[in-house]
1. Condition check: over 25 Å from residue 178 (Cα atoms), under 15 Å from the mean Cα position of the chain (by Cα) and buried (at least 19 other Cβ atoms within 10 Å of the Cβ). Does residue 119 satisfy that?
2. Among the residues of region 20-72, which ones are closer than 18 Å to residue 115 by Cβ and open to solvent by 30 Å² or more (accessible area, probe 1.4 Å)?
3. Check residue 105 against each of (1) out of contact with any strand residue (DSSP E or B) (no Cβ under 7 Å at 6 or more places or on another chain); (2) more than 29 Å from residue 47 (Cβ to Cβ) and name the one condition it does not meet.
4. Go over the candidates 171, 133, 183 one by one and state the one that is within 18 Å of the chain's Cα centre (by Cα) and exposed (fewer than 13 other Cβ atoms within 10 Å of the Cβ).
5. Among the numbered criteria (1) out of contact with any Phe, Trp or Tyr (no Cβ under 8 Å at 6 or more places or on another chain); (2) outside any helix (DSSP H, G or I), which one does residue 118 miss?
6. Would you pick out the residues in region 87-106 that are open to solvent by 90 Å² or more (accessible area, probe 1.4 Å), over 19 Å from the mean Cα position of the chain (by Cα) and basic (Lys, Arg)?
7. Can you confirm whether residue 138 is without any contact (Cβ under 8 Å) to a residue 60 or more places away in the chain and not small (Gly, Ala, Ser)?
8. Consider residue 161 against the criteria (1) over 18 Å from the mean Cα position of the chain (by Cα); (2) open to solvent by less than 20 Å² (accessible area, probe 1.4 Å); (3) among the hydroxyl-bearing types (Ser, Thr, Tyr): it satisfies all of them except one. Which criterion is unmet?
Amino acid sequence: MISFVYFDVGGVVVLDISDQKSWDGMKKDMGIPPQKFDHFDEFFDKQDLELNISKKVDALIPTIESQFGVQFPKNYSIQKELVTRFKKNKSIWPIIGEIKKHCPVGLLTNMYPGMLDDIYKKGLMPTGSWDVTIDSSLIGYQKPEFKMYEFATKMVGVEASEILFIDNSPTNIKAASDFGWQTFLYDPLNLADSNAKLLVLLQNSWKN
């Protein structure tokens, strides 16, 4: 039984640049020397906790300039550069609409402060409101923390076992499964296959 469905944003509802090729392309365009790509990845990974909770990604610009020997144009924004590269995942929109005929839907996302607003402003999200939106930068928790799933469960008022969570991160999926949610690992590099398998899962649930 599925009584509520949570969607991740980046990599599911919106096609971000989480694949290595796209991320490397952005680093190149930022002026990061190729020999420093791995160092830059390590630097960003260390920022994740704060970036998804309270720290604005553009606050990293002075440190990046000094550590990686680059000079950004005046008023340059890493956040805007990221969102500019994001794309709509229109292929999942009909599925979201179909789910809403059967149960409420929500967003459960790790986000930099203000980024979800920028994504909406760019028109990347499907039309229609979400019943619940949980943004890590607004609540102080992030996936895969236990408290994130606990908070999200309380927000919808159903049993954990009746929540389906769709995410493209194996780490986040495992944490949700350990918490007792139903899960679906979405592959943004294989949209047709992911959408087909997700529909089968949903249709089997609706038959019961």
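The values are calculated or read from the model by the stated rules, or taken from the named source; none is laboratory data. Predicted model, so just to flag it, every value in this text is computed and none were measured. Every residue, glycine among them, receives a Cβ derived from its backbone with ideal geometry; neighbour counts consider all protein chains shown. The protein model used for the area step is the full one, side chains on, heavy atoms only, and it has no ligands, DNA or RNA in it. Shrake-Rupley method; radii C 1.70, N 1.55, O 1.52, S 1.80 Å.
1. Numbers: over 25 Å from residue 178 (Cα atoms): yes; under 15 Å from the mean Cα position of the chain (by Cα): yes; buried (at least 19 other Cβ atoms within 10 Å of the Cβ): yes.
The answer is yes for residue 119.
2. Of all residues in region 20-72, those closer than 18 Å to residue 115 by Cβ come to 22-23, 26, 30, 44-45, 47-61, 64.
Within region 20-72, 22, 23, 45, 48, 49, 50, 53, 54, 55, 56, 58, 59 meet the criteria.
3. (1)
4. Working: 133 fails: exposed (fewer than 13 other Cβ atoms within 10 Å of the Cβ); 183 fails: exposed (fewer than 13 other Cβ atoms within 10 Å of the Cβ).
On inspection, the qualifying residue turns out to be 171.
5. All conditions pass for residue 118, except number (2).
6. Selection gives 101 alone.
7. Values: without any contact (Cβ under 8 Å) to a residue 60 or more places away in the chain: yes; not small (Gly, Ala, Ser): yes.
Judged against the criteria, residue 138 is a match.
8. Of everything listed in (1) over 18 Å from the mean Cα position of the chain (by Cα); (2) open to solvent by less than 20 Å² (accessible area, probe 1.4 Å); (3) among the hydroxyl-bearing types (Ser, Thr, Tyr), residue 161 misses just condition (2).
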